[in-house]
Each structure stands twice: as structure tokens, then as C-alpha cells.
Amino acid sequence: MTSTSIAAAEAKALPIGALLGAMVSIQIGATFAKGLFPLIGANGTTALRLVVGALMLAAVLRPWRVRPSRAVLPWLIAAVLPWLIAYGVNLAALNLLFYAALARIPLGVAVALEFSGPLLVATLSSRRATDFVWVVLAVSGILLLSPFIHSGSALDPLGVMLALAAGGCWALYIVFAQKAGAELGSQTTAYGLVIAAAVALPFGLAEAGTGLIAPAILVSALLVGLFSSALPFWLEMVALTRMPARLYGTLTCLEPALGALAGFLFLHETLSPLQCAGIAAVVVAAFGAALTTKPPVPSPE
């Protein structure tokens, strides 16, 4: 194998590996976060997650070191800043909605319903018959995981609606992150998390008050911030700036499987046979898409 082919293979593997790492990290973080709900509530946990994650990324990436020239600054303000603000605000909404859903329904089901967002992106971006086959298989799996199929336990209707709303925010997240990340790269995550933390903090203070800074939750807060925000959002930005939205949307079919697995291992949430079948369907769809989709290319400007 030549050095050129090795470099090409590494370039293709990097965004896929980064995205898989982000998905595993965010599900582990969700299990830590759910343990904080009885102490500071869903909004308090969301705010703490985003604030801690923003501080961690700012310390690592130090985005203030990159200062645009005066000639470029007006263009950045006009062309990039709106996308960056939209990215940050949407990020806050996504997290607030998802954690509110997670407080009412199991992790695996919440992730499956939230997945409707990237699945929509994958469907709208599809151009080849093989891609459509994987999307159809993924939809079948989501239906088996959804509350529309009897799973032996009733689901909170509000929790279902909140998870679906989070899915809509996830679809927008893909668009906003690619638009802002095309110019700012990995710095987008640091700036976006600061904006998201500022938006979510009032909601957290309203629910938890000074409980957000209680010493008893410090370790859990650091773990949630690391695994749910800082690490996965940075890894996702690495992936999003190196692969098309279609590939991102289809690969994230693994999310329901990882969510259900994390819920089973750490939260003792059991799965019905139909839910297991749904997980198998989305896993097959994800790997099928990864094997047959064209190599990742830089995201469109």
C-alpha cells in the first residue's frame, strides 16, 4: 500500500472514528446526567452540563488565541456569526428538550425518538438507491423502538413529544454546525458551547438555584460535562467538517443501540424482544451505510 493510499484511508477513517467516539461518550454522559435529576432537575443538569463543558473546551482549545485580521472581521461578523449564534442557541434547545424527555422516558427510547432528526437529514440528502435501502431499514428499527409498538410499559406522552422536538433540533444542529464549522473548524464547538451555556443557565438557575454549585454534585458535574459536552461535541465537529450530512445522518443510526445498551448496563432499563429487533435493524443500517456510502468529503460551504 502506497503512502498516498494510506493517507486516504486514514482521512476516511478519522471522521467515522470521531463520530463513533462521540456517540459512545454522550451515552455514558447521559447515564451520569440521569443520576443528577433527583438533585437539581433536568434543566439544572442541562445548564451544568453545558457550563462545565464550555469551560473544559475553552481551557483546551483557547479560542481567544485566534484573532481575525481587521480586513476579515467584517466578513466573519456578517457571514459566520449568524450561523454560530444559531448553532449555540439550537444546541441549548436540543439539550434542554432531550434532558426533559430523559426525565420522563427510558434512555434507549428517548434516543430512538430523538434520532428522527438526523434520519430526516439522511432521507432528504439521499441520492442513490442503496442509501435509501439503509434508511428504510433504519426507519423500521426506529418504529420497533418507538412507543407506537407495544413494549409492555406505558410511556409519558410529554416525554415522547419532547424527544421528538429534540430530534428536530438535532436535524438543525447538523446544518448549523456544518455552516459555522466550515470557517471556524473545531473552534466552533468552544464558541457554540459558550452561547448554549449562556442560554441554558437561566433555566437551570430557575429550577435548581444554588444547588448547581453544591459540593456534593461536583464530581458528577465534571463527568457529565466531560462525557456529554466537551468530548463528544469536539469529536462531532471533527466529523462534521470532514463528511457529508448524509453519511453523518445515517451513521448516527447507532445512537439508539448505544442508548439502549447504556440504559441496560448503567440504569437497569430492560428491553423487549421487539426493541432488540429494532436495535439490530438500526445497527445493520448503520454499518451498511458506512460500507457503501462514498468516502467523506469536505462539507459544502
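Here are a few things to note about the model shown:
- By average C-beta atoms within 10 angstrom, highest first, the peptides 27-36, 45-54: 45-54, 27-36
- Local net charge near VAL109, Cβ-Cβ under 14 Å (Lys/Arg +1, Asp/Glu -1): -2
- With R₀ fixed at 45 Å, the C-beta to C-beta distance from LEU39 to VAL136 puts the FRET efficiency at about 0.60.
- Table column - 3J(HN,Hα) (Hz), region 89-94, Karplus curve with 6.51, -1.76, 1.60, x for Gly and Pro: 5, 5, 4, 5, 4, 4
Read-outs: derived from the displayed coordinates by stated rules, not from any lab. Treat the numbers as computed from the prediction; the structure is a model and nothing was measured. Please note: Cβ atoms are built from the backbone with ideal geometry, for glycine as well, and neighbour counts cover all protein chains shown.
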